[in-house]
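The values are calculated or read from the model by the stated rules, or taken from the named source; none is laboratory data. Keep in mind the model is a prediction, meaning the values are calculated, not measured. All Cβ positions, even for glycine, are placed from backbone atoms using ideal geometry, and neighbour counts span all protein chains on display. To get the accessible areas, we keep the full protein, side chains included, count just its heavy atoms, and leave off ligands, DNA and RNA. Shrake-Rupley method; radii C 1.70, N 1.55, O 1.52, S 1.80 Å.
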Amino acid sequence: MTASTRTRNETCAIDSERTNCTQAWRLQILLLFSIFALVSYGIEPGSWKRNFPAPNEQDQSRKLANGESQIFQGRESGASRNNNSSQLRIAVIFNGEFNGIDEMLVQNVKAFDVYVSTYKEYEIDAMRVSTNRSRMLLYSRDEVPCMSVPIFQWWHLNQVIRNFRTELESYDLILKLRADLRFYRSFRSSDLAQTPHGCLQMNSDHSFYADPETFFKVYDGFYDDIFNKYYDRNAQYFPLNWRNFKETIKNIYEDYQDEPVNLTHRECRRDIKVPMRHLVYPRAIFTRNFNKLLENIKNLEGEPDLTLGFANLDVGCVPFAAEKYHLINALNKVPICPNRIPAIGIQGNHSDRNRVVRTVPCNLEEVICLRKQNS
């Protein structure tokens with residue numbers, strides 16, 4: 001064997017050894033990454049633990065509620081929480097009718113503790129989301145006070161609060177969902193991990209959630225306020241907590257980048273845009289251009305000038321506009337933050353939702369009003 005041949009063979013042997021070393025190094029890295037993934041992955045399929053929130057989420061969370069928020073470092077709840085006491089405990093509330101419940105919603109709430117207040121004819125549907133009858137309230141239609149249709153849901157929510165408050169106070173989060181909600185993807189408790197204490201995460205009245213202290217601050221007493229403050233006063237201006245309103249606009253429309261979703265659903269709700277359009281405003285800041293309205297509220301210093309009167313007077317035949325007064329009630333209690341539930345809206349079957357099935361007749365004016373609204 002010549003010297004040049006021997007040199008080439010030695011070089012090839014060295015290159016082969018280097019290649020083997022490189023491959024072994026890559027396999028070690030891959031093995032370490034797999035171990036890390038298995039450790040970070042929860043017991044349940046798809047239950048990735050949000051141990052390392054994205055930097056923009058951390059930065060956003062620090063900005064919320066004037067920097068005073070306590071951010072839950074949330075982890076998976078439900079069936080796996082018994083194995084880890086630090087995991088986020090979530091209670092889900094369904095209140096009112098179960099019209100058109102979707103299978104994705106049924107699957108979405110399986111990991112959580114579910115509380116229900118509804119009518120007896122919906123018992124089968126209610127059992128799809130909760131098999132624990134001790135957390136379920138079932139009423140006949142005649143047991144429910146006769147009132148405007150949009151108030152029924154708040155009566156049922158009030159029943160849940162009255163009957164289960166002590167239990168609900170033991171959870172990290174309370175989440176209220178409509179039974180006819182539609183989703184563009186599945187969700188888990190990791191979607192709710194970045195939840196600032198003292199802030200209501202609200203998507204109109206379709207879904208909202210907060211820590212128990214904040215939840216009860218907003219909703220304990222709201223049902224009574226409907227009749228004592230808001231009922232049949234659609235054209236009236238209600239004083240607002242403008243500091244909370246300004247912070248809400250910053251939280252939702254400046255600090256938060258929502259997921260890009262094609263909102264083609266019949267009754268879509270994302271954030272508070274729809275109820276904002278129905279508020280009565282001081283004329284000094286009101287405009288029908290929504291972006292300009294946001295700008296006017298954001299730039300407001302102190303209280304708005306009320307001497308110029310009021311605009312956007314909403315005089316309708318429905319004596320209680322649920323989304324509008326829900327927003328007023330929330331803003332006057334706490335700031336509102338982005339709702340991260342991946343929902344696009346509700347089924348939108350108004351004919352079913354406004355059906356009044358009672359043997360006790362309602363107020364004649366109310367019945368006439370509902371007929372006009374549905375005609």
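Looking only at residues in the range 127-153 that are among the β-branched types (Val, Ile, Thr) and not in a helix (DSSP H, G or I), the one that is modelled with the highest pLDDT is 144.
The residues listed here are 345, 316; of these, the one that is modelled with pLDDT under 95 and not in a loop (DSSP other than H, G, I, E, B) is 345.
The residues of the range 291-304 that are of a type outside the set (A, V, I, L, M, F, W, C), surrounded by 12 or more Cβ atoms within 10 Å (Cβ to Cβ) and assigned to a loop (DSSP other than H, G, I, E, B) amount to a single one, 304. Cβ contacts < 7 Å: first residue within 23 Å of residue 337 (Cβ to Cβ), restricted to the range 230-250; second residue modelled with pLDDT of 95 or more and polar (S, T, N, Q), any location; separation 6+ or different chain. Result? Listed by first residue and then by second, the contacts come to 240/332; 241/332.
Taking the stated definitions as given, is residue 176 closer than 24 Å to residue 244 by Cβ and open to solvent by 30 Å² or more (accessible area, probe 1.4 Å)?
no
Taken over the range 187-202, the residue count meeting the criterion of being open to solvent by 10 Å² or more (accessible area, probe 1.4 Å) and out of contact with any helix residue (DSSP H, G or I) (no Cβ under 6 Å at 6 or more places or on another chain) is 4. Among residues of the range 266-281 that are aromatic (Phe, Trp, Tyr), those with a beta-carbon under 6 Å from a residue that is modelled with pLDDT of 90 or more at least six positions away or on a different chain give the pairs 281/311; 281/312.
Within the range 213-256, how many residues turn out to be charged (D, E, K, R) and either touching a Cys at 6+ places or on another chain (Cβ under 8 Å) or open to solvent by less than 80 Å² (accessible area, probe 1.4 Å) (or both)?
Filtering the range 213-256 for residues charged (D, E, K, R) gives 213, 217, 220, 224-225, 229, 232-233, 243, 246-247, 250, 254-255.
Right, trim to either touching a Cys at 6+ places or on another chain (Cβ under 8 Å) or open to solvent by less than 80 Å² (accessible area, probe 1.4 Å) (or both) and you get 220, 225, 246-247, 250, 255.
Here the count works out to 6.
Residues that are more than 11 Å from residue 94 (Cβ to Cβ) and in contact with a Ser or Thr (Cβ under 8 Å, 6 or more places away or on another chain) were ranked within the range 114-140; the one that is most open to solvent (accessible area, probe 1.4 Å) is 120. When you scan the range 195-249, how many residues do you find that are among the hydrophobic types (A, V, I, L, M, F, W, C) and either touching a Phe, Trp or Tyr at 6+ places or on another chain (Cβ under 7 Å) or more than 23 Å from residue 286 (Cα to Cα) (or both)? Counting residues in the range 195-249 that are among the hydrophobic types (A, V, I, L, M, F, W, C) and either touching a Phe, Trp or Tyr at 6+ places or on another chain (Cβ under 7 Å) or more than 23 Å from residue 286 (Cα to Cα) (or both) gives 11.
Could you figure out which of (1) out of contact with any Leu (no Cβ under 8 Å at 6 or more places or on another chain); (2) at pLDDT 90 or above; (3) under 28 Å from residue 183 (Cβ atoms) isn't true of residue 295? With respect to (1) out of contact with any Leu (no Cβ under 8 Å at 6 or more places or on another chain); (2) at pLDDT 90 or above; (3) under 28 Å from residue 183 (Cβ atoms), residue 295 is out only on (3).
Might you let me know whether the range 144-164 holds any residue that is of a type in the set (D, E, K, R), in contact with a helix residue (DSSP H, G or I) (Cβ under 7 Å, 6 or more places away or on another chain) and surrounded by fewer than 22 Cβ atoms within 10 Å (Cβ to Cβ)? Looking for residues that are of a type in the set (D, E, K, R), in contact with a helix residue (DSSP H, G or I) (Cβ under 7 Å, 6 or more places away or on another chain) and surrounded by fewer than 22 Cβ atoms within 10 Å (Cβ to Cβ), one finds none in the range 144-164, hence no. Per the conditions (1) within 12 Å of the chain's Cα centre (by Cα); (2) open to solvent by 20 Å² or more (accessible area, probe 1.4 Å), the sole criterion not satisfied by residue 210 is (2).
In the range 205-219, is there at least one residue being in contact with a His (Cβ under 6 Å, 6 or more places away or on another chain) and at pLDDT below 95?
Of the residues in the range 205-219, the ones in contact with a His (Cβ under 6 Å, 6 or more places away or on another chain) are 205, 211.
Next, only the ones that are at pLDDT below 95 stay: 205.
Within the range 205-219, one or more residues are in contact with a His (Cβ under 6 Å, 6 or more places away or on another chain) and at pLDDT below 95.
Quick one: is residue 106 in a helix (DSSP H, G or I) and within 19 Å of the chain's Cα centre (by Cα)?
Working: in a helix (DSSP H, G or I): yes; within 19 Å of the chain's Cα centre (by Cα): yes.
For residue 106, the condition - in a helix (DSSP H, G or I) and within 19 Å of the chain's Cα centre (by Cα) - is met.
Every condition in (1) polar (S, T, N, Q); (2) within 17 Å of residue 341 (Cα to Cα); (3) loosely packed, with under 14 Cβ neighbours inside 10 Å is met by residue 108 except one, and the failing one is (3).
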